[in-house]
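Undergrad: Sharing a structure here in structure tokens format.
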Amino acid sequence: MNTPAHDYQLSQLDLLEAEAIYIMREVVAEFERPVLLFSGGKDSIVMLKLAEKAFYPARIPFAVMHVDTGHNFDEVLALRDQRVAELKVQLIVASVQEAIDAGTVHEPKDGTRNRIQTPVLLDALDKHRFTAIFGGARRDEDKARAKERIFSFRDEFGQWDPKNQRPELWNLYNGRIHTGESIRVFPLSNWTELDIWHYIKREEIELPSIYYAHEREVFDRDGMLFAVHEMKQPKPDEEVFTAMVRYRTVGDASLTAAVRSEADTVDLVIDEVASTRVTERGATRGDDKFSEAAMEDRKREGYF
Amino acid sequence: MMDILRFATAGSVDDGKSTLIGRLLYDTKTVFQDQIDAVEKVSHDRGDDYVDLALLTDGLRAEREQGITIDVAYRYFATPNRKFIIADTPGHIQYTRNMVTGASTADLALVLVDARKGLVEQSRRHAFLASLLQVPHLVLVVNKMDLVDYSQEVYENIREEFTQFAAKLRLPDLTVMPVSALKGDNVVTRSENMPWYDGPSLLHHLENVHVASDRNLIDVRFPVQYVIRPQSDEWHDYRGYAGQVLGGILKKGDEVMVLPSGYTSKILSVETADGEVDEAYPPMSVTVRLEDEIDVSRGDMICRPNNQPNVAQDLDAMICWMDESAPMRLGGKYSIKHTTRTARTIVKGLQYRLDVNTLHRDEEANELSLNEIGRVRLRTTVPLMADDYSRNRNTGGFVLVDEATNRTVAAGMITEAS
Ligand SMILES: Nc1nc2c(ncn2[C@@H]2O[C@H](COP(=O)(O)OP(=O)(O)OP(=O)(O)O)[C@@H](O)[C@H]2O)c(=O)[nH]1
Ligand SMILES: [Mg+2]
């Protein structure tokens with residue numbers, strides 16, 4: 001918290017922080033079994049930082065869960081494990097690979113695992129009987145996310161019904177549910193990508209190095225730069241070359257593209273994000289390009 | 001320092017709310033190229049004559065199919081001194097509760113009217129709701145001026161009619177402006193098509209409207225949200241009351257009272273994870289520690305002994321009913337959520353139902369159905385620490401939840417607590 005100004009005004013980062021902390025405390029006060037989704041990506045790292053602050057000097061009073069598609073960046077997993085150890089929180093890994101091996105989900109022919117994440121997530125929530133699930137989604141990411149409440153009610157199938165959301169007034173969040181139902185909670189709803197970066201700078205938050213510019217072997221597919229990965233091999237006509245890139249988002253390594261960038265410090269990233277003309281999902285997510293309403297459809301099925 | 005202005009759109013269906021927000025985002029160059037491409041493609045595929053900027057906020061499949069807004073879209077943009085959080089709300093009467101959701105946290109409401117149609121019932125309803133929710137600043141936006149040849153006379157007539165209606169409402173700050181959301185007149189820059197208008201553009205107004213003084217810095221209100229008690233050797237005796245300041249300024253050494261118990265103590269420290277702070281004020285999330293070991297738990301309210309909220313089980317309140325499955329009935333029992341406290345409540349009386357068009361009070365009414373507004377008397381199972389909504393939106397507002405369906409069925413604004 002910065003030193004208070006004389007006119008008792010909070011800066012926008014302080015306002016966003018205060019709101020997120022308030023939301024997290026509400027959840028812990030009202031739900032028996034909350035869990036925080038933690039992938040090691042920038043939004044979930046910021047969310048975990050806010051959780052640390054919200055309950056300080058006590059430990060974070062809930063577990064974190066990673067829905068692991070098995071297609072990971074090593075740097076991201078390493079930071080995930082580092083944060084978990086520092087904060088002494090319990091990490092639950094819901095493994096897509098294990099679900100494939102067990103035959104509960106089937107790997108699509110193209111090898112992309114985004115869609116089959118949803119049943120794995122839902123199974124894990126069921127198994128651990130989690131009733132409130134913190135997600136790091138932001139409303140500025142996508143037009144369907146822009147429509148979602150901070151407390152997003154999900155039925156017993158984990159489904160979102162965008163035409164029938166609960167009214168949400170002032171700072172009063174209705175978390176009442178029946179057995180089997182759950183609430184997805186989005187403390188970062190009102191943050192933008194730029195806010196996240198300003199906060200990372202202010203709080204000196206460590207991120208996986210791939211968020212900063214580095215040299216990498218990539219190939220160009222549909223205008224997006226993909227790293228050569230065991231699950232993402234170039235086609236014969238796709239040339240592999242070395243470029244300065246960074247990742248704006250980090251998801252499934254076989255689906256997430258890098259962007260050309262020279263920004264190798266947090267200040268340079270802030271400048272870059274402030275002047276970019278493309279949304280982070282538009283620039284980096286193969287999965288959202290398929291249809292106009294890709295995100296809405298996946299959310300209806302129980303995705304974040 | 002960069003601050004935040006939250007604003008919400010309001011007004012009847014098709015009056016151009018989403019188009020206006022689209023225009024604002026587009027002309028401030030805050031829409032990303034891939035979003036523009038996507039919107040152009042949809043417009044083109046549908047055979048529209050021009051790019052439908054409403055698609056920038058109407059993000060649901062059903063909204064795009066029907067060409068209307070169904071639920072609030074939140075959008076963000078910033079100019080050098082301000083970050084804006086926009087709630088673009090639906091005009092359709094069926095979705096009034098979503099408008100109420102968007103307006104409840106707004107510092108400013110933009111009520112749009114179509115210049116060709118003038119004020120319609122829904123414009124009055126939304127202006128009334130904005131005043132009921134006490135959104136501190138209201139702008140009447142007379143839109144579609146391009147369709148009335150930018151006529152000053154049309155504008156003045158609407159302005160006159162609205163001003164008369166507004167005189168009956170509680171609107172602390174009213175501004176009126178003529179725009180064309182479609183063409184961009186007076187949205188980001190002042191229009192050359194309306195030389196007779198000498199006010200600011202909409203963006204200029206949004207950037208300059210003064211919102212700092214809208215908070216209550218006088219009445220100390222700190223509802224305890226959660227008790228922090230680390231189970232660790234290092235912090236063995238630590239006991240902190242976490243919460244968000246809803247009013248006033250809290251400082252170390254201040255004498256405080258905890259309600260409803262009435263115990264008094266002094267503030268030992270006001271803390272965040274970053275250390276002690278000198279002062280806490282709205283809407284900071286902090287942890288307060290007290291000098292004495294007294295019984296304090298979630299739902300209690302910390303205030304000053306000489307400035308207390310009402311500790312009340314009987315409440316008079318304005319209610320906006322939001323549930324289509326059942327009306328509010330006399331004798332109905334609900335769960336009530338107010339600050340960090342949850343109780344049960346029974347509807348003891350319905351003084352009147354309001355006709356939003358004429359503001360006539362129907363005292364014969366004995367129920368409120370979807371979207372209806374009335375004044376009720378409630379009795380709660382345990383006391384609530386409440387202020388009049390006009391003094392503090394956060395200690396004067398509550399919601400009712402149906403205990404069987406768990407739906408949020410009403411928004412309430414306390415007018416008197418005893
Ligand atoms: N000529 C003209 N048309 C406009 C203007 N503003 C909006 N429109 C048109 O009016 C229609 C409705 O616009 P929307 O922006 O969807 O209206 P809305 O108020 O958001 O409607 P709901 O959200 O469903 O209540 C669209 O066809 C717009 O292109 C304007 O200034 N001039
Ligand atoms: Mg609209």
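Undergrad: Among the residues of segment A:246-274 satisfying the criterion of being among the polar types (S, T, N, Q), assigned to a loop (DSSP other than H, G, I, E, B) and at pLDDT below 90, which is nearest to the chain's Cα centre (by Cα)?
TA: The residue in question is A:Thr249.
Undergrad: Just checking: which of the strands (runs of 3 or more DSSP E) contained wholly in segment B:194-259 hold 1 or more residues that are of a type in the set (S, T, N, Q)?
TA: Passing ranges, in order: B:240-244.
Undergrad: Suppose we filter B:Val258, B:Val286 for residues that are crowded, with 20+ Cβ neighbours inside 10 Å and within 11 Å of chain A (Cβ to nearest Cβ); which single one remains?
TA: Step by step, each of B:Val258, B:Val286 is checked, and only B:Val286 is crowded, with 20+ Cβ neighbours inside 10 Å and within 11 Å of chain A (Cβ to nearest Cβ).
Undergrad: Residues of segment B:65-104 being buried (at least 21 other Cβ atoms within 10 Å of the Cβ) and more than 16 Å from ligand 2 (Cβ to nearest atom), which ones?
TA: B:Tyr76, B:Lys83, B:Phe84, B:Ile85, B:Ser104
Undergrad: Then there is this: Of all residues in segment B:9-51, which are in contact (Cβ under 8 Å) with a residue 60 or more places away in the chain, within 12 Å of ligand 1 (Cβ to nearest atom) and not in a helix (DSSP H, G or I)?
TA: Those that are in contact (Cβ under 8 Å) with a residue 60 or more places away in the chain, within 12 Å of ligand 1 (Cβ to nearest atom) and not in a helix (DSSP H, G or I): B:Thr9, B:Ala10, B:Gly11, B:Ser12, B:Val13, B:Asp14, B:Asp15, B:Gly16, B:Tyr50.
Undergrad: Right, another one. Sort out which residues of segment B:148-193 are in a helix (DSSP H, G or I) and under 25 Å from B:Val211 (Cβ atoms), and write them in order of number. Step through it out loud before you land on a result.
TA: The first filter runs over segment B:148-193 and keeps only residues in a helix (DSSP H, G or I), leaving B:148, B:152-166.
Those that are in a helix (DSSP H, G or I) and under 25 Å from B:Val211 (Cβ atoms): B:Arg159, B:Phe162, B:Thr163, B:Phe165, B:Ala166.
Undergrad: Sticking with this one: What's the total number of residues in segment A:41-82 that are within 25 Å of A:Thr284 (Cα to Cα) and either part of a helix (DSSP H, G or I) or among the basic types (Lys, Arg) (or both)?
TA: Of segment A:41-82, the ones within 25 Å of A:Thr284 (Cα to Cα) are A:41-49, A:65-81.
Subsequent filtering for residues that are either part of a helix (DSSP H, G or I) or among the basic types (Lys, Arg) (or both) retains A:42-49, A:74-81.
So the count comes out to 16.
Undergrad: One residue is enough: does segment B:323-331 have a residue meeting the conditions within 16 Å of B:Arg97 (Cβ to Cβ), more than 14 Å from chain A (Cβ to nearest Cβ), among the small types (Gly, Ala, Ser) and in contact (Cβ under 8 Å) with a residue 24 or more places away in the chain?
TA: yes
Undergrad: With the condition being buried (at least 21 other Cβ atoms within 10 Å of the Cβ), at positive phi and within 14 Å of another protein chain (Cβ to nearest Cβ), I'd like the strands (runs of 3 or more DSSP E) fully within segment A:89-161 carrying at least 1 qualifying residues.
TA: Strands (runs of 3 or more DSSP E) meeting the threshold: none at all.
Undergrad: Oh, and also: It is to be established whether one or more residues within segment B:309-316 are buried (at least 20 other Cβ atoms within 10 Å of the Cβ) and within 12 Å of another protein chain (Cβ to nearest Cβ).
TA: No, segment B:309-316 has no match at all.
Undergrad: Mind telling me which of the residues B:Val120, B:Val113 ends up being away from ligand 2 (no atom under 12 Å from the Cβ), buried (at least 20 other Cβ atoms within 10 Å of the Cβ) and either more than 10 Å from chain A (Cβ to nearest Cβ) or farther than 19 Å from A:Lys143 by Cα (or both)?
TA: Exactly one residue qualifies, and that residue is B:Val113.
Undergrad: Follow-up. Return the residue satisfying two criteria in turn: it lies in segment B:261-279 and is of a type in the set (S, T, N, Q) and within 17 Å of B:Gln308 (Cα to Cα), and of such residues it is farthest from the other protein chains (Cβ to nearest Cβ).
TA: B:Thr264
Undergrad: Let me ask you something else. Can you pull out every residue in segment B:56-88 that is in a helix (DSSP H, G or I) and near ligand 1 (Cβ under 9 Å from one of its atoms)?
TA: B:Glu63, B:Gln66
The values are calculated or read from the model by the stated rules, or taken from the named source; none is laboratory data. Keep in mind it's a predicted model, so treat the numbers as computed, not measured. So basically every Cβ, Gly included, is an ideal-geometry build from the backbone, and we count neighbours across all protein chains shown.
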